[in-house]
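K.L.:
Below is the structure I would like to discuss, written out as structure tokens.
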Amino acid sequence: MILDCAIIGGGPAGLTAGLYTTRGGLENVTMFEKGMPGGQIMNSSEIENYPGVVGEITGMDLMTPWPEQCQKFGLKHEMVNIVRITKEGDIFTIHKEGGETAQAHSVIIGTGSSPRRAGFAGEDEFFGKGVSTCATCDGFFYKGKEVAVVGGGDTALEEALYLAKICSKVYLIHRRDTFRSAPNTVARIKRTENIELVLNSSPEEVYGDNMGVTGIKVKNKDGEIRDITVPGVFTFVGNDVNNQTLIQEDGSFLCDMNEQGQVIVDISMTTSVAGLYATGDMRIAAPKQVVSAAGDGAVAALQVISYVDELLN
Ligand code: FAD
Ligand code: NAP
């Protein structure tokens, strides 16, 4: 059987594409997601800017009902890592990890982005042993203890606020003295008593012993080194686009990309390849928001419905 549409990735973009394609009349739609559906927002301790959802809600609580809503309209879900998408003639082949394949008339890709490593000494060695990129997952291990957060964007500041409620003190280490974050969030950071700002400072090294991290050394812009004794270091230094499935055997990309590895799309999420649509965080000029990723999924789905109809009729 050839699928009407294969959706790659089950974050807000992929799930919304699943809802709109199936509810819009496509019968054979499968969403391929390598983990639990919901996407990266599942790791967020708090989201307060999803329209219509008033008050504090965790990413997991926001996303939990989404798959059930899609399944009601017939979306199928397969938990598998997709390694490559290829196209021959009008047919796409979805290459699954393990060697199996699926075929589809159209593809909506929404594989999102993943946390970047900051690149300081000890980061890889102590990853999972005191170095983390997920406050919701690991914050509780440091209840009543001091921790460090590295980064100056929305994620670092929001997660520092979350950690400040659990931990006795949070050192917020940022390489500049201004933040890349919403003014409201910066204001909350500044009035939180147990957050100490360590500005104009970059991590030099995370160190520890066989039990895990015991501290982090940071260097300020005057070259002075400060040693901060903490058992936990959380890094939130941005994300890299997950575009691996678009890489072909010869190393080229299936569709046109920009220099940052983001998929080039027009306002209808159409890529340079007919029948292939890219959505959410992985596309050019993405606002990197749950609401915009969901919007992209809806836009792409409506395109797919017309594309498949024209192709098959
Ligand atoms: P993602 O959410 O990244 O989902 C992509 C999915 O694809 C993942 O589930 C992944 O497992 C899957 N996948 C990837 N590769 C493969 C593969 N090869 N095979 C199969 N499946 C694959 N936005 C807001 O609007 N408000 C907020 O308050 C907010 N807070 C945030 C807090 C944190 C800590 C983080 C990390 C992000 C936050 N964001 C927030 C941003 C928001 O989460 C993203 O913009 C949004 O999730 C992007 O959705 P997406 O569907 O494009 O991708
Ligand atoms: P980001 O906005 O790219 O910020 C990354 C931060 O890490 C920057 O402050 C950057 O410093 C710093 N940094 C980068 N590399 C570093 C390194 N090697 N060492 C030390 N510091 C380093 O990433 P993000 O905060 O994860 O946000 C990603 C996107 O998701 C953004 O568009 C954001 O708005 C969105 N988001 C939105 C919300 C929300 O709406 N509430 C919440 C979370 C995320 P410089 O500032 O000096 O570059």
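K.L.:
How many of the residues making up segment 215-244 are touching a residue at least 60 places away in the same chain (Cβ under 8 Å) and part of a strand (DSSP E or B)?
P.N.:
Residues flagged as touching a residue at least 60 places away in the same chain (Cβ under 8 Å) and part of a strand (DSSP E or B) within segment 215-244 amount to 9.
K.L.:
Additional query: Checking the conditions here, which among GLY223, GLY295, GLY251 is farther than 22 Å from LEU157 by Cα, within 16 Å of ligand 2 (Cβ to nearest atom) and out of contact with any helix residue (DSSP H, G or I) (no Cβ under 7 Å at 6 or more places or on another chain)?
P.N.:
Just one listed residue meets the conditions, GLY295.
K.L.:
Answer yes or no as to whether ASP90 is within 30 Å of LEU302 (Cα to Cα) and away from ligand 1 (no atom under 16 Å from the Cβ).
P.N.:
When the stated conditions are applied, ASP90 passes them.
K.L.:
So which strands (runs of 3 or more DSSP E) stay within segment 1-120 end to end and still have 2 or more residues that are open to solvent by 30 Å² or more (accessible area, probe 1.4 Å)?
P.N.:
Fully inside segment 1-120 and qualifying: 76-79, 82-88, 91-96, 101-104, 113-115.
K.L.:
Same structure again: Would you check which residues across segment 275-285 are under 12 Å from the mean Cα position of the chain (by Cα) and open to solvent by 10 Å² or more (accessible area, probe 1.4 Å) and list them?
P.N.:
Once the filter is applied, which keeps residues that are under 12 Å from the mean Cα position of the chain (by Cα) and open to solvent by 10 Å² or more (accessible area, probe 1.4 Å), segment 275-285 yields only ASP281.
K.L.:
A further question follows. Any idea how many residues of segment 286-304 are touching a residue at least 40 places away in the same chain (Cβ under 8 Å) and open to solvent by 40 Å² or more (accessible area, probe 1.4 Å)?
P.N.:
Residues that pass the stated criteria total 4.
K.L.:
Within segment 282-291, identify whether any single residue is under 23 Å from PRO115 (Cβ atoms) and in a strand (DSSP E or B), and answer yes or no.
P.N.:
Checking segment 282-291: at least one residue is under 23 Å from PRO115 (Cβ atoms) and in a strand (DSSP E or B).
The values are calculated or read from the model by the stated rules, or taken from the named source; none is laboratory data. Remember, it's a predicted structure, so these values are computed and weren't measured experimentally. Note that we place each Cβ from the backbone using ideal geometry, even for glycine, and neighbour counts take in every protein chain shown. Accessible surface areas use protein heavy atoms only, side chains included; no ligands, DNA or RNA. Shrake-Rupley method; radii C 1.70, N 1.55, O 1.52, S 1.80 Å.
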